[in-house]
Amino acid sequence: MNWGDRTLPHTSIATIVAAAATLLKLVPLVLIPVMMLWQAHRDTARRAWTGALAAVAAVAIVIAPFAIMSPSGTWELARYHLDRPLQVESLGSAYLLGLHAIADVPVTIENSYGSQGLEGTGPAVIAAIMTAVLIVLVIAIAWTFWLGLHRSRHPGDARPR
């Protein structure tokens with residue numbers, strides 16, 4: 001994409017797309033560390049941080065008018081998604097439903113938040129565990145990706161510097 005004599009790099013386009021996707025659903029946020037590592041590998045760490053900050057700024061610019069016009073409404077939207085119960089189709093829910101079928105572990109299904117979810121302490125604990133596992137896996141994936149990029153740049157090194 002050319003704007004006069006300046007060229008918009010592909011990684012900037014990817015950052016813009018990630019920001020737009022984040023506005024639809026927060027899940028694309030997990031791509032940011034990998035995108036930053038790739039950008040730092042291909043260019044510089046400074047440009048990688050600039051791209052990540054640009055994505056955060058784009059999300060903030062879109063959300064800002066709504067937060068200014070209705071701070072409580074904006075917070076209510078975030079709270080709505082944070083308070084949703086463990087949905088029936090999730091991996092954690094499958095685990096609990098399996099325990100219910102095999103060991104008669106009590107499970108309460110409730111229709112709320114526009115979906116079917118599991119209510120109670122057990123589902124809340126499983127949801128917290130699944131979130132922690134997701135964070136650990138994203139860090140592990142980013143670390144493995146970084147190691148691969150480092151080894152491709154420095155094939156003789158067994159360890160990163």
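When residue 29 is tested against (1) open to solvent by less than 100 Å² (accessible area, probe 1.4 Å); (2) modelled with pLDDT of 80 or more, just one condition goes unmet, and that condition is (2).
Report whether or not residue 70 is touching a Pro at 6+ places or on another chain (Cβ under 9 Å) and among the hydroxyl-bearing types (Ser, Thr, Tyr). Answer is no for this residue.
The values are calculated or read from the model by the stated rules, or taken from the named source; none is laboratory data. Note that the structure is a prediction, hence the values are computed from the model and not measured. In this analysis, Cβ positions are derived from the backbone assuming ideal geometry, glycine residues included, and neighbour counts consider all displayed protein chains. Just the protein is used for accessible areas: all its heavy atoms, side chains included, with ligands, DNA and RNA removed. Shrake-Rupley method; radii C 1.70, N 1.55, O 1.52, S 1.80 Å.
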